[in-house]
1. Contact list please: Cβ distance under 6 Å, first residue in the stretch 247-258 and of a type in the set (Gly, Ala, Ser), second residue part of a loop (DSSP other than H, G, I, E, B) and crowded, with 23+ Cβ neighbours inside 10 Å, pairs at least six apart or on different chains.
2. In the stretch 292-311, what residues are under 25 Å from residue 201 (Cβ atoms) and either polar (S, T, N, Q) or buried (at least 18 other Cβ atoms within 10 Å of the Cβ) (or both)?
3. Name the residue, out of 226, 289, that is in contact (Cβ under 8 Å) with a residue 40 or more places away in the chain, surrounded by fewer than 20 Cβ atoms within 10 Å (Cβ to Cβ) and either within 11 Å of the ligand (Cβ to nearest atom) or part of a loop (DSSP other than H, G, I, E, B) (or both).
4. Against the condition closer than 28 Å to residue 238 by Cα, hydroxyl-bearing (Ser, Thr, Tyr), in contact with a Lys or Arg (Cβ under 8 Å, 6 or more places away or on another chain) and buried (at least 20 other Cβ atoms within 10 Å of the Cβ), how does residue 319 come out, does it pass?
5. Under 18 Å from residue 169 (Cα atoms), surrounded by 24 or more Cβ atoms within 10 Å (Cβ to Cβ), in contact with a helix residue (DSSP H, G or I) (Cβ under 9 Å, 6 or more places away or on another chain) and of a type in the set (D, E, K, R): which single residue out of 155, 151, 136 fits that description?
6. Here are some residues: 288, 327. Which one is within 21 Å of residue 74 (Cβ to Cβ), at pLDDT below 95 and of a type in the set (A, V, I, L, M, F, W, C)?
7. With the structure loaded, tell me whether residue 261 is in a helix (DSSP H, G or I) and under 16 Å from residue 197 (Cβ atoms) or whether it fails that test.
8. State which residue pairs qualify: first residue farther than 12 Å from residue 53 by Cα and among the β-branched types (Val, Ile, Thr) and inside the stretch 194-212, second residue away from the ligand (no atom under 12 Å from the Cβ) and in a strand (DSSP E or B) in any location, beta carbons under 8 Å apart, and separation of 6 or more residues or different chains.
Amino acid sequence: MITGKFPNLRLRRSRKNDWSRRLIEENNLSSSDFILPIFLIEGRNKKQPIKSMPGVFRYTLDKLTPFVEKAIKNKIPMIALFPYTEKRKKNILGTEALNEDNLVCKAIQVVKKKYKNEIGIMCDVALDPYTSHGHDGLLKSGYVLNDETIDVLVDQSILQAQMGCDVLAPSDMMDGRIGLIRKALDKNGFDMTQILSYAVKYASSYYGPFRDAVGSKGLLKGDKKNYQMDFKNSNEALREVALDIKEGADMVMVKPGLPYLDIIKLVKENFKVPVMAYQVSGEYSLLINAINKGFVDRNVILESLIGFKRAGANAIVSYYADRLDKILK
Ligand code: PBG
């Protein structure tokens, strides 16, 4: 690197005025950099607050379209749908995942019918919203079975693709699921349905408020460490990504976000594929609660989001994505 020397070189010279600071900006955000997560709930005419995530709500299907419409107006490229499943619909096998009348299936159809390809729809592929034990797959003596779980995930993928889902996002961390889902999609005529693999998903305490949002909070037995990654590791993240790319993933996700910016950068530099980052519920909750208490000012949001871009993320799943007008200005 070639550089000058003080006093000829004064880096503060270009920082002095706002126009000049804007001129030398290296990173920025636009609405195309966001994926908006939406929580769904049964019933009618409800927009239900989520206690641990002030500013985020669960929507009934009739309240969903105005919310999606606003996202389209704001040029958000994609929404991600997550269901709050009532306890009575949960069981050990998570069979509600394969019910073609489940909340996610109905929501996909509502949005697709009204908005066609004006906005992309992404859906998680995993069983945790539907299992009575809160795990992402089928459980046997406390262990989440791999291959047996994949069989169900393949069916869940096909179902969601049939409903019109554009991007399937396996968030389960089973070994080998991307390849098998890809194969099944192609065989069933869904060769244009994309896969965004949650390739690097850490076993994290930052998911707490999400489990509350989808109604699996008190249910989780044990933890998810036998399938989600150990947060002490980064080489393993590269192995996960390599496998998923080989198996046919179109995009990969790193999750959580802010504590893992090093991983985002590593993945981007090593593989040059589209990398998404998930600013998860716990990250959102920490920021918004500190802002609401007046401990930090609102700019921490923009600052944290720009961090993702600096690290190399193509887009960010963020619970702020419905309020970008306030954040980006
Ligand atoms: C489920 C899933 C989780 C999140 C997204 N999909 C939680 C988990 O794995 O326990 C977390 C998202 C968030 O915390 O915002 N497979």
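The values are calculated or read from the model by the stated rules, or taken from the named source; none is laboratory data. Predicted model only: the values in this text are computed from it and were never measured. Here the Cβ positions follow ideal geometry from the backbone for every residue, glycine too, while neighbour counts run over all protein chains shown.
1. Sorted first by the residue in the stretch 247-258, then by its partner, the pairs are 257/279.
2. Keep residues of the stretch 292-311 that are under 25 Å from residue 201 (Cβ atoms), which gives 300-301, 303-311.
Hits for the stretch 292-311 are 301, 304, 305, 307, 308, 309, 311.
3. Details: 289 fails: either within 11 Å of the ligand (Cβ to nearest atom) or part of a loop (DSSP other than H, G, I, E, B) (or both).
Checking each option against the conditions leaves just 226.
4. Details: closer than 28 Å to residue 238 by Cα: yes; hydroxyl-bearing (Ser, Thr, Tyr): yes; in contact with a Lys or Arg (Cβ under 8 Å, 6 or more places away or on another chain): no; buried (at least 20 other Cβ atoms within 10 Å of the Cβ): yes.
Spelling it out, it is not the case that residue 319 is closer than 28 Å to residue 238 by Cα, hydroxyl-bearing (Ser, Thr, Tyr), in contact with a Lys or Arg (Cβ under 8 Å, 6 or more places away or on another chain) and buried (at least 20 other Cβ atoms within 10 Å of the Cβ).
5. Working: 155 fails: surrounded by 24 or more Cβ atoms within 10 Å (Cβ to Cβ); 151 fails: surrounded by 24 or more Cβ atoms within 10 Å (Cβ to Cβ).
After ruling out the rest, the residue left standing is 136.
6. Values: 288 fails: at pLDDT below 95.
That would be 327, the only listed residue that is within 21 Å of residue 74 (Cβ to Cβ), at pLDDT below 95 and of a type in the set (A, V, I, L, M, F, W, C).
7. no
8. Short answer, once both residue conditions are applied: 195/167; 195/168; 195/251; 200/252; 200/254.
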